[in-house]
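I have placed the structure first, in the form of structure tokens, so that the comments after it can refer back to it.
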Amino acid sequence: MDRIVSLLPAATEIAAALGLMDRVVGVSHECDFPSEANQRPRVTHCPVHNSGMTSREVDESVRRALRENGTIYTINEPLLRKLRPDVILTQKLCDVCAVGYGTVARLAETLPGPPTVVNLEPSSVSDIFDDIRRVAKVCDVPERADKLLSQLSDRIEGVRRRANRIRHRPRCFLMEWVDPPFCSGHWGPKLVEIAGGYDSLGRKHQPSVQIEWQEVLDTQPDVIVLALCGYNIDRARRDYEILRGFPDFNSLPAAHRGEIYLVDASAYFARPGPRIVDSLEILAGILHPTEFPEFASRGPEDPRVVRVG
């Protein structure tokens, strides 16, 4: 039976959804779902993680570390050798999201076996589904992927079908970072589109990028969703206070209509695994709460989404 080490949270969730958690022997410092992940040894470390720094400090620290070291992560090499993985799940998508693929591949070549290194590099929802198939194939459970993807696809089509009947499509700014401002990228703009909105600042199937605040003012979004990459609602609530201080913030339709939402991006929007479909449903509840009442915010204690406007 394959021994799996997962170096990113989405891969751990994919393994779990495929019924493979009993094979997962090591995880990254960020893997926290399902709960069994917290019982596995952590083979990576990141000084920025849970550091208490402000968003501006995090941004500056990450840029500096990438410039000077090429990475912001370290791997516990002795522990990885001790775990003797047959499969390592990692990614090339983003140097800020997890340990770089090249680092992992070079280290894997020195391990017994050597282990199979599986690269997950999605830029769209369909890519995420392909990654699920890839993990299932490497771990010899392809039929489990077929069943899981059928269920996820049905949920997506359910949202798409209902949203297509809605004439009004609000302008939605899916914001991946506040200070400095970043737009959404990869699968984010498409999720907004399927949920019945339009994000003109988003970069479909491309990395998110820093933008000028004036661009947000120019687009006049009806709804703003703070989906801060790698962070939960508590952190988004802190950064909302920064956002409120930006020039002419109150001139935005989203601000004076109270249509500003905080989401747990760490669990959903920034994690390209099975719960990306939950992200779509959350957006449907934000953009069209009357038509999607089952997905709308349940109040200030909702762990998924909170309205703060």
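The values are calculated or read from the model by the stated rules, or taken from the named source; none is laboratory data. Just so we're clear, the structure is a prediction, and the values are computed from it rather than from any experiment. Using ideal geometry, Cβ is built from the backbone for each residue, glycine included, and neighbour counts are taken over all protein chains shown. Side chains are part of the model used for accessible areas, which takes the heavy atoms of the whole protein and leaves out ligands, DNA and RNA. Shrake-Rupley method; radii C 1.70, N 1.55, O 1.52, S 1.80 Å.
Points worth noting:
- List His256, His186, His288, ordered by accessible area with a 1.4 Å probe, largest first: His256, His186, His288
- One chain, two ends: Lys137 and Thr110. Fully extended at 0.36 nm per residue, the span grows by 7.3 nm beyond their Cα-Cα distance.
- Heavy atoms of the protein chains alone define the surface here; on that basis region 218-285 has 33 Å² accessible area per residue at 1.4 Å probe size.
- Between the C-alpha center of region 295-309 and that of region 230-269 there is a gap of 12 Å.
- Beta bridges assigned by DSSP with both partners in the chain are antiparallel in approximately 30 percent of cases.
- Of all segments of the chain bounded by trypsin sites (Lys or Arg not before Pro) found in a DSSP loop with no more than 16 other C-beta atoms within 10 Å, the longest spans 168-256.
- Within the full protein context, the accessible area of Tyr198 is estimated at about 140 Å² for a probe radius of 1.4 Å.
- Length gained when the stretch Ser150-Glu212 is fully extended (0.36 nm per residue, less Cα-Cα span): 18.3 nm
- Over 18 Å [Cα-Cα, region 169-217], rounded percent: 22
- Label selected from (i) 29; (ii) 25; (iii) 51, the criterion being percent of Cα pairs over 33 Å apart as computed here: (ii)
- Förster-model FRET efficiency, 41 Å R0, Ser35 and Asn164, C-beta, rounded to 0.05: 0.65
- Restricting attention to the chain, the count of lysine pairs at 8 or more positions apart or across chains with alpha carbons under 27 Å apart stands at 10.
- When Cys172, Cys229 are compared by accessible area of protein heavy atoms, the largest-first order is Cys229, Cys172, using a 1.4 Å probe.
- Calculated on alpha-carbon atoms, Rg and Dmax of region 188-309 in Å: 13.5, 38
- Label-point separation, Thr74 to Glu241 (7 Å along Cα→Cβ), nm: 3.2
- Net lengthening on full extension, Asp2/Arg81 (0.36 nm per residue, minus Cα-Cα): 26.9 nm
- Carbon and sulfur %, accessible surface of region 238-309 computed with the full protein complex present, 1.4 Å: 48
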